[in-house]
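These notes are about the structure you will find just below.
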Amino acid sequence: MNLRLKLMLVTSLPLLLAFSLTAWVLRVQQNKLTERQQTLVRDAYSQATRSELRHQVALALSTISPLYNTGRDDDDIKRLAVQQLVNLDYGPDGYFFLYDYKGVSLMHPRQPELVGRNLMEMRDAQGRPAIRLMIERAIAGGGFIEYTWSKPSANEQRPKIAYVTGLERWQWMIGTGIYTDEVDKIQRQLADQLTASLGTTLRWVGLTTLVAATLMLVSVLGLSISELRSADAKLTLLARRLVRSQEDERAWLSRELHDGTSQTLVAAKLLTESALARLPADAGSARTMLERAMARIADALDGVRGISHRLRPVTLDTLGLTSALRQLGEDSCSAAGLAFSFEVTGNEPHGLPAEVRTTLFRVAQEALANALKHAQASHVQMLLHKGGAEIRLTVQDNGQGFSAEAIDRSPKQGIGLRNMRERMNNVGGRLELSSDEHGTKVEATIPRLAVQRLAQAA
């Protein structure tokens, strides 16, 4: 797991945990609020309903009280009282009912088929003897009772609460009730509204969390990219300094070999030649040894000069990049017996920064070495082009090619190619390589803007 992903997880996980905790707390609070609201609504509705039922029964009693207070108990007066109660109607599901203390239905505006029947033992959907309980409650002075009864508007059994009271002299139980399923409907609507409100709140919280997480991730990405670019710039600068230090060390070592060791070997060779010239003609053994010493000194001198030239060619600093490349190609190819051609197009690249000259020279040196060692080529062509926007060096041979992908995948091969790419990257350039059975082409390109930046940095 890289650092960028770790930063994303560190910044986003606490936010997601906070959102999850918030959603859980909201859900718990919503459940508690729903329960409290339902309890409050039910209690408030129950109190209002009970008060309303008392008022309704009181209204019914006040309606028939003139007849009841006459003191008459005959059937005619009772029939008038029943007729007045029938006329007291308040909605499709609001009506009064009347039973005698034996359980016989005397009046039922919504279910006339029950009139005249003894319903004392009739039970509701829960098995409760509703009529018996209401009669007992009326005899005891009146009160409320909950049961289930057929609701006229729905033609289904629904829960109901009724208030009943008794007319002792006539042995009547009078009452009215209200179906309570509307309370459950209202409570369900309130619960649905709370759930919808919670869903809206959670969506807004989730959207806010998503926006915050996105902003945090973008900030982390921007910061990591900025830090990565800064680290890459520092690494590139360090690599450039390292290459420059290596080249300075090579230049110093080349000068030391050329000006120190080489001159010492030249002096030793001259002294040996002088000693050899002064030897008498008959000193055959000594002359042979001195001649061998001169040959070894000459070989050592050639070797030192070759090492000095490879470390830092003098022509690169004195005559410029073009002459150094031409000399490098001619010397390398002539020693190996290969044909060499060199071409310069565009304006002659004078005044290039030392890093650019050194980088292109090293790329050419490595490309020539690969062509001489591995390609089995017969001809090497080098092209140096200075265009308006870039400087491009091309080294191409006609030897046998190779698989660039296989070389890139192999950790033990392609070190020279990787070194060339790193050198080009350090100066802001690019290296392109193509190889097939017709030969290999290495193309190193440095944009003019990169050259200008290196010149300003120098």
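Throughout, read-outs are computed from the coordinates displayed, never taken from laboratory work. This one's a predicted model, so the numbers in the text were calculated from it and none came from an experiment. Reconstructed Cβ throughout: ideal geometry from the backbone, glycine too, with neighbour counts over all protein chains shown.
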For this session: Report the label-to-label distance for R50 and A369 in nanometres (one decimal), using points 7 Å from each Cα along the Cα→Cβ vector.
Result: 10.4 nm
Exercise. Can you list the residues, at least 5 places off or on another chain, whose amide H is less than 5 Å from the amide H of G387, using H built in the peptide plane?
Worked result: R392
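Structure shown: which of K234/K373; K373/K441; K386/K441; K32/K151; K32/K185 lie over 26 Å apart, alpha-carbon to alpha-carbon?
K234/K373; K32/K151
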Problem set entry | ³J(HN,Hα), Karplus 6.51/-1.76/1.60, whole Hz, each residue of segment 111-117, x for Gly, Pro | 10, x, 5, 7, 5, x, 8
Problem set entry | Summed residue charge, Cβ within 15 Å of K102's Cβ, Lys/Arg positive, Asp/Glu negative | -1
Exercise. What number comes out for the charge environment of E432, summing +1 per Lys or Arg and -1 per Asp or Glu over other residues with Cβ under 11 Å away?
Worked result: +3
For this session: Report the label-to-label distance for Q126 and A268 in nanometres (one decimal), using points 7 Å from each Cα along the Cα→Cβ vector.
Result: 12.2 nm
Seminar exercise, completed: Looking only at aspartates and glutamates whose Cα falls under 12 Å of K102's and that sit 8 or more positions away or on another chain, we get E121, E136
For this session: Could you pull out which residues in segment 189-212 have an amide N less than 16 Å from a spot 7 Å beyond the Cα of S219, following the Cα-Cβ vector?
Result: 208-212
Problem set entry | segment 1-143, dipole about Cα centre (Lys/Arg Cβ +1, Asp/Glu Cβ -1), debye to the nearest 20 | 1060 debye
Seminar exercise, completed: Diffing segment 414-423: the Karplus 3J(HN,Hα) column from phi (6.51, -1.76, 1.60, θ = phi - 60°), in whole Hz with x for Gly and Pro, holds x, 5, x, 5, 5, 5, 5, 5, 5, 4
Problem set entry | Shape of segment 119-167, Cα gyration tensor, a/c cut at 1.5 | prolate
Problem set entry | For L98, distant residues with modelled amide H under 5 Å away | L106, M107
Problem set entry | Loop trypsin sites (Lys or Arg not before Pro), segment 62-167 (other Cβ atoms within 10 Å of the site Cβ: 15 or fewer; DSSP) | R72, K102, R117, R123
